[in-house]
2 protein chains.
Amino acid sequence: MEDWEKLIEKRDLIVSVVGIGRIGLPTALMISNEGFKTYGIDTDLSLVEKVNAGGGDPPITYIIDEPELESLLKKVIINRKLKATTNFRNYTSQSNLIILCIPTAITEQKVPDYSVINEVLKEIGQLKEKLAKKIVIFESTVGPNYVEKIAIPLIEKVSELKINKDFWVASCPERANPGNIIKNLNSIPRIVGASNNYARNIVSYFYKTAFKVNIFEVSNPRTANSVKLIENIFRVVNIAFANEISQLMRKFDIDYMEVLKGAATKYNFLTHYPGPGVGGPCLPSNPYYLIDEGYKVSFTPNLLRVATEVNQSQPFHIIELIFEGLNKINKPIANTKIAILGISYKANVKDVQISSVIPILSELQKNNAILGIYDPYYKEEEILGFKIEKNYEFIKRVYSIIIIHTDHNEFKSQNFKDFLRECKDLKVIVDCHNTYEYEEIPNNIYYIGVGRPMKYINRKNN
Amino acid sequence: MEDWEKLIEKRDLIVSVVGIGRIGLPTALMISNEGFKTYGIDTDLSLVEKVNAGGGDPPITYIIDEPELESLLKKVIINRKLKATTNFRNYTSQSNLIILCIPTAITEQKVPDYSVINEVLKEIGQLKEKLAKKIVIFESTVGPNYVEKIAIPLIEKVSELKINKDFWVASCPERANPGNIIKNLNSIPRIVGASNNYARNIVSYFYKTAFKVNIFEVSNPRTANSVKLIENIFRVVNIAFANEISQLMRKFDIDYMEVLKGAATKYNFLTHYPGPGVGGPCLPSNPYYLIDEGYKVSFTPNLLRVATEVNQSQPFHIIELIFEGLNKINKPIANTKIAILGISYKANVKDVQISSVIPILSELQKNNAILGIYDPYYKEEEILGFKIEKNYEFIKRVYSIIIIHTDHNEFKSQNFKDFLRECKDLKVIVDCHNTYEYEEIPNNIYYIGVGRPMKYINRKNN
């Protein structure tokens, strides 16, 4: 441990970050910026080249919505503290820590797909004796038992080395939210569980030093992995609760946003808002890591299952709201021009991963709507099978209904609100995030906010 | 409105509180203590007599666990500001406000039972022209639409008066928790929705004056009733989440209490603890008010339904834990002496309403356990079909397993912990609220906390 402490204090510790995507890249940037020689390892050659060039054109995807990363990248490249590479074997074998930031997706059948991370573990095993004295750290989201029951045995088998004798393993799951990654990496405490206390002490000391955050040490990797899952699934369950109840409330002509404001005056309530569903790399998939492992011990987490199903059905509720609005102006979906604003899974990020817009677009297309789609992060790009408009001016070309799917700041701006007033054909707004107060809506509009009764905006003298 | 303001300011307003139970009595006490002439109306003659006598023996049930109420009661009786009565007609007809604090239970079939409150509304209707200029205020928990769709039409029909012309109605649901009622009535903002703005202003002004709390005004009674339900159901859903996940975690040899401490280090997490289920007058029943009204509009709130089912099944999980513990010491349930500590539905209250202990006792009895039961609030009483012990000394008489069902302060006291060390036959503790840290457990004990792996406490030198 003393040797490790010295290495860390003198910044002589060498770190490989495997997977330099949304989480891995900022992680590598912050570690290298703290003075550690860092290798960012990825199979994506064009990404590796852009990182080594300090940026590129088009810019690195994950820098677009986190612009603070750009100056950090330039700095660590100039200082030669960070080097990106596709050469896994060469650079991991020179590192003391191998940090895994590899995405672990779920399949269409809602089962965790560990094939990519398993391949990486085999490569780690193939380091053989060069793996000796290294610590492999899992930041990736995995089921509670994955590290201890699958990953360690796999590395041991391929490497023919022994855990806690020849090498160590730790779980230190990332807890950062896209859009706030740097801020989160600098502030949210890290959870560390490891194969033994020796490794836990080292990993804790490293994260404390590199990120300047508090460390919460837990008994083992499975507890650390569970913490990560539970904190996200807490949100999944509570958003499902908001989605389900808000549907019921509007059937009773009750505005759920008003109910939430009232409930928030009680000391033990925590507000979660209804929306078009959940998306992104975490919330839609995290419950399945637990459900999957539950099934394996004959335990069905019913509440989790229903919560994910409620969120998955929410985009179809948005379709109902669109029908409701079109019905008011005597239009079918077929051959009606429908404008979709925002395709990202959440506000102010460039990311359509499992976005709730996907089933909405697919349902509208199936019903022969004429779709106009705009998102400030995807201007003129081809994505999800659609060509995205270059700005929102197209709405003026006889669109009578807009669906605000993502509450990007642009759609809350005064410019956009002023623009809406100029759209003379606009008759219906479906607002998936209750982005607007009623008084901000242009006049003579049927306004439908999620969880709110439809309201015909009809002010005198307007 | 000006007339009403003067009445309130000069304390000339007269108030009837109908139902002087757990909520109604403290409500009547606080209103009368603020100087308003108050009638506490109840059908329970013995309760009425005790209130008018400033107490009695045995003491009024709802004062036992809220001892601050006693001096307040004596004071308002001496000042002649409060009078309890069974004469509904005579005293409501003299009052400006009729506040309903009547329990609204659910049936065994999980349907709200409004029969008692409906009878009271008929009596209100029978006041006929004497109801004129009065405001009827609902503090009782009811479904969102009950006040507008059932109560108002019922009063109108019987009285032949018109709402908002001859009389008014408001919802101002109570939000106090048993054990903290006075504190809560003095601090938690009140939600007020009424039949029109006129009534809302008056009721808001009255509650602000009588309870010195902030008022959150909402559009109508149905929104106010929803706020009350949603804030409690939020807890039901999150406790169900804790119960379900904690069962899964212990199957993985993970301590859910440790997971919770880790998750609590994230800024947007809110901790809810696993336990033996939910009980009491609110949490087990509140979801059914919404589910009932959902069914009526062909909407099944599945998440709510599953959440209540998870909590309902939790006592049977406790039975599993008991089996697990007995199995370790090679004993069956049949003919084994099992000690149950705490029967109240929650800590430090005297209340067994829908307590999770009920299915636990019934299951143990069915399996021919020999039960010894103790609860400091029910010493030597006959309750739930059992005779409660007068203290916990009986455990020494060869009980090898104790179930701590309710985490009353007495079971956390040093005296009790010392006592446990003296129980030489004690081998197993099932702790339904994780009342103890491991280091507090006597030696050589199989300790089973909810959501925690079984732990054999085996310290050297102890």
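The values are calculated or read from the model by the stated rules, or taken from the named source; none is laboratory data. All values reported here derive from a predicted model rather than from experimental measurement. Reconstructed Cβ throughout: ideal geometry from the backbone, glycine too, with neighbour counts over all protein chains shown.
Assorted remarks:
- Here A:TYR295 fulfils each of the conditions (1) in contact with a Ser or Thr (Cβ under 8 Å, 6 or more places away or on another chain); (2) surrounded by fewer than 15 Cβ atoms within 10 Å (Cβ to Cβ) apart from (1).
- Selection of region A:185-224 for residues being buried (at least 19 other Cβ atoms within 10 Å of the Cβ), in a helix (DSSP H, G or I) and at the interface with another protein chain (Cβ under 9 Å from one of its Cβ atoms) yields A:ARG222, A:THR223, A:ALA224.
- Only residues that are within 12 Å of A:PHE252 (Cβ to Cβ) and in contact with a strand residue (DSSP E or B) (Cβ under 6 Å, 6 or more places away or on another chain) were counted in region B:220-240, giving 4.
- The requirement of being within 14 Å of another protein chain (Cβ to nearest Cβ) and crowded, with 20+ Cβ neighbours inside 10 Å is satisfied by B:ALA307.
- Given (1) buried (at least 23 other Cβ atoms within 10 Å of the Cβ); (2) in a strand (DSSP E or B), number of the condition B:GLY372 does not satisfy: (1)
- Residues being at the interface with another protein chain (Cβ under 9 Å from one of its Cβ atoms) and part of a helix (DSSP H, G or I) - total across region A:249-279: 9
- A:ASN443 meets the conditions (1) in contact with a Cys (Cβ under 6 Å, 6 or more places away or on another chain); (2) farther than 17 Å from A:ILE322 by Cα in every case but one. The failed one is (1).
- Residue among A:LYS183, A:LYS134 that alone is farther than 26 Å from A:TYR288 by Cβ and within 17 Å of the chain's Cα centre (by Cα): A:LYS183
- The residue that is farthest from the chain's Cα centre (by Cα), counting only those in region A:311-336 that are within 14 Å of chain B (Cβ to nearest Cβ) and surrounded by 24 or more Cβ atoms within 10 Å (Cβ to Cβ), is A:GLN314.
- Output for region A:158-184, where each listed residue is within 20 Å of A:THR104 (Cβ to Cβ) and part of a helix (DSSP H, G or I): A:VAL158, A:ILE181, A:ASN184
- Only residues that are of a type in the set (A, V, I, L, M) and in a helix (DSSP H, G or I) were counted in region A:350-369, giving 5.
- Test: residue in region A:341-349 that is assigned to a strand (DSSP E or B), under 25 Å from the mean Cα position of the chain (by Cα) and more than 14 Å from every other protein chain (Cβ to nearest Cβ): yes
- B:GLN353 vs. criteria of a type outside the set (A, V, I, L, M) and modelled with pLDDT under 95: yes
- Residue match in region B:122-131 (condition: within 23 Å of A:VAL259 (Cβ to Cβ) and touching a helix residue (DSSP H, G or I) at 6+ places or on another chain (Cβ under 8 Å)): no
- Test for B:ILE354: is it of a type outside the set (S, T, N, Q), in contact (Cβ under 8 Å) with a residue 40 or more places away in the chain, surrounded by fewer than 22 Cβ atoms within 10 Å (Cβ to Cβ) and within 30 Å of A:ALA240 (Cα to Cα): yes
- When the test is whether a residue is surrounded by 13 or more Cβ atoms within 10 Å (Cβ to Cβ), farther than 21 Å from B:HIS433 by Cα and assigned by TED's automatic domain parsing to the domain that holds B:TYR447, B:GLU389 passes it.
- Residue check, A:PRO153 out of contact with any Ser or Thr (no Cβ under 8 Å at 6 or more places or on another chain) and either farther than 26 Å from A:MET1 by Cβ or surrounded by fewer than 22 Cβ atoms within 10 Å (Cβ to Cβ) (or both): yes
- Condition met for B:ASP292 (in a helix (DSSP H, G or I), among the charged types (D, E, K, R), more than 7 Å from chain A (Cβ to nearest Cβ) and more than 18 Å from the chain's Cα centre (by Cα)): yes
- Listing of helices (runs of 4 or more DSSP H) fully contained in region A:30-111 that carry 3 or more residues being crowded, with 21+ Cβ neighbours inside 10 Å and in the same structural domain as A:SER140 (by TED's automatic domain parsing): A:68-78
- Every residue from region B:353-374 that is closer than 27 Å to B:ASN286 by Cβ and either in contact with a Ser or Thr (Cβ under 6 Å, 6 or more places away or on another chain) or hydroxyl-bearing (Ser, Thr, Tyr) (or both): B:SER355, B:SER356, B:SER362
- Inside region B:227-248, residues that are under 13 Å from B:VAL450 (Cα atoms), at the interface with another protein chain (Cβ under 7 Å from one of its Cβ atoms) and β-branched (Val, Ile, Thr) make up a count of 1.
Residue by residue, here is whether (1) under 20 Å from B:ALA105 (Cβ atoms); (2) touching a residue at least 40 places away in the same chain (Cβ under 8 Å); (3) touching an Asp or Glu at 6+ places or on another chain (Cβ under 9 Å); (4) not hydrophobic (A, V, I, L, M, F, W, C) holds:
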site: B:ILE23; (1), (2), (3), (4): yes, yes, yes, no
site: B:THR27; (1), (2), (3), (4): yes, yes, yes, yes
site: B:GLU34; (1), (2), (3), (4): no, yes, no, yes
site: B:LYS37; (1), (2), (3), (4): no, yes, yes, yes
site: B:ALA53; (1), (2), (3), (4): no, no, no, no
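- The condition of being touching a strand residue (DSSP E or B) at 6+ places or on another chain (Cβ under 7 Å), in contact (Cβ under 8 Å) with a residue 60 or more places away in the chain and either among the small types (Gly, Ala, Ser) or not assigned by TED's automatic domain parsing to the domain that holds A:PRO284 (or both) holds for only one of A:VAL147, A:VAL169, that being A:VAL147.
- Taking the criterion of being under 13 Å from B:TYR345 (Cα atoms) and touching a residue at least 60 places away in the same chain (Cβ under 8 Å), the residues of region B:250-289 that qualify are B:GLY275, B:PRO276, B:GLY277, B:VAL278, B:GLY279, B:GLY280, B:PRO281, B:CYS282, B:PRO284.
- For B:VAL116, the stated conditions hold: it is farther than 25 Å from B:VAL218 by Cα, under 23 Å from the mean Cα position of the chain (by Cα), more than 14 Å from chain A (Cβ to nearest Cβ) and of a type in the set (Val, Ile, Thr).
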